[in-house]
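Before any comments, here is the structure.
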Amino acid sequence: MSSPLQLGPLSLGSRLLVGTGRYRDYEQMRACHEASGTEMVTVALRRVNLDQLGKGSLIDQIDQKRYLLLPNTAGCYTADEAVRYARLAREAGFNEFIKLEVIGDKETLLPDTDGLLAATRTLVKEGFKVLAYTNDDLITALRLEAEGCAAVMPLASPIGSGLGLLNPYSIRTIKSRLKVPVIVDAGVGTASDAAIAMELG
């Protein structure tokens with residue numbers, strides 16, 4: 001797509017967001033970021049020792065002049081915990097963007113939508129630009145948009161499953177109804193999965 005991805009005040013030329021987990025080493029991570037063409041890299045706050053910034057931490061391995069960091073609250077199981085990590089990220093000098101995850105089930109890592117909505121309300125009021133990881137339910141997506149999310153991120157399939165896009169109809173419906181960007185997240189196992197998601201718009 002030639003049009004930029006608009007996230008609140010931010011305009012991105014690439015529509016692909018890339019993470020920092022599951023790489024063999026930092027060298028492989030940097031090579032993958034380079035090859036992907038991404039402009040935004042997600043970082044799980046629970047994997048980063050914020051006291052070690054500037055001392056060889058994961059964050060220090062990412063060229064922040066080239067990539068915008070998107071901290072996320074992966075591994076948080078309550079709204080309060082997710083809000084606390086978002087605030088810690090802000091205090092540590094991250095930007096105002098936060099990928100918000102509130103997990104409801106330890107086995108499937110499916111989201112707790114009630115907790116997600118509660119955390120979204122709090123963080124939006126505090127000036128965060130919230131990108132909310134959610135299930136592929138239209139009603140939840142509409143409520144997240146109404147609460148002020150900068151983007152809604154429905155799952156393709158459960159986190160880490162690599163099952164690809166299980167319910168394209170639901171994703172297509174969410175995309176057609178929301179005005180904010182819809183970013184397919186989780187369960188994308190192959191490049192073709194990402195291409196299928198992008199073909200939905």
### Query
At a 1.4 Å probe, what is the % contribution of carbon and sulfur to the accessible area of the chain?
49
### Ratio of Rg to Rh over segment 97-156 (Cα coordinates, Kirkwood Rh, two decimals)
0.94
#### Entry: Asp60 paired with Arg84, simple spin-label distance in nm, labels 7 Å along Cα-to-beta-carbon
2.7
### Query
What ranking of Arg90, Arg24 comes out by heavy-atom accessible area, probe 1.4 Å, highest first?
Arg24, Arg90
### Query
Roughly how many debye, to the nearest 20, is the charge dipole of segment 140-201 about its Cα centre, given +1 on each Lys and Arg Cβ, -1 on each Asp and Glu Cβ, and no other charges?
200
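Can you figure out the FRET efficiency of Lys179 with Asp105, using R₀ = 30 Å and their beta-carbon distance, to the nearest 0.05?
It comes out at approximately 0.50.
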### Query
Quick one: length gained pulling Leu138 to Glu34 fully straight, 0.36 nm per residue minus the C-alpha distance?
34.0 nm
### Message
So the label point goes 7 Å from the Cα of Ser3 along Cα→C-beta, right? Which residues of segment 172-201 then have their backbone N under 12 Å from it?
### Response
179-182, 201
### Message
Run the numbers for Asn95 and Tyr67: contour at 0.36 nm per residue of separation, minus the present Cα-Cα distance, in nm.
### Response
8.9 nm
### Query
With every protein chain present, what is the per residue accessible area of segment 102-182 (1.4 Å probe, Å²)?
45
### Message
What whole-number distance in Å separates the alpha-carbon centres of segment 110-141 and segment 168-193?
### Response
16
## Note on the structure
Along the dipole axis of segment 109-201 (charges at Cβ: +1 for Lys and Arg, -1 for Asp and Glu; origin at the Cα centre), the most positive-end residue among Ala151, Leu110, Tyr133 is Ala151
### Message
For Cα pairs less than 8 Å apart in space and 6+ apart in sequence, what is the mean separation divided by the residue count of segment 79-201, i.e. the relative contact order in percent?
### Response
20
### Query
If you place +1 on the Cβ of every Lys and Arg and -1 on the Cβ of every Asp and Glu, how big does the dipole about the Cα centre of the chain come out, in debye to the nearest 20?
360
### Query
Which of these values of mean projected area of the Cα convex hull in nm² was calculated from the structure shown: (1) 10.5; (2) 16.5; (3) 13.7?
(1)
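In what order, largest first, do Thr190, Thr120 sit by accessible area if the probe radius is 1.4 Å?
Thr190, Thr120
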### Task
For Lys129, list the aspartates and glutamates whose Cα falls under 15 Å from its own Cα; do not include residues on the same chain fewer than 8 positions away.
Glu96, Glu101, Glu145, Glu147
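The values are calculated or read from the model by the stated rules, or taken from the named source; none is laboratory data. A quick note: this is a predicted structure, and the numbers were derived from the prediction, not measured. Positions of Cβ are backbone-derived with ideal geometry, glycine not excepted, and every protein chain shown enters the neighbour counts. Heavy atoms of the whole protein, side chains included, go into the accessibility calculation; ligands, DNA and RNA do not. Shrake-Rupley method; radii C 1.70, N 1.55, O 1.52, S 1.80 Å.
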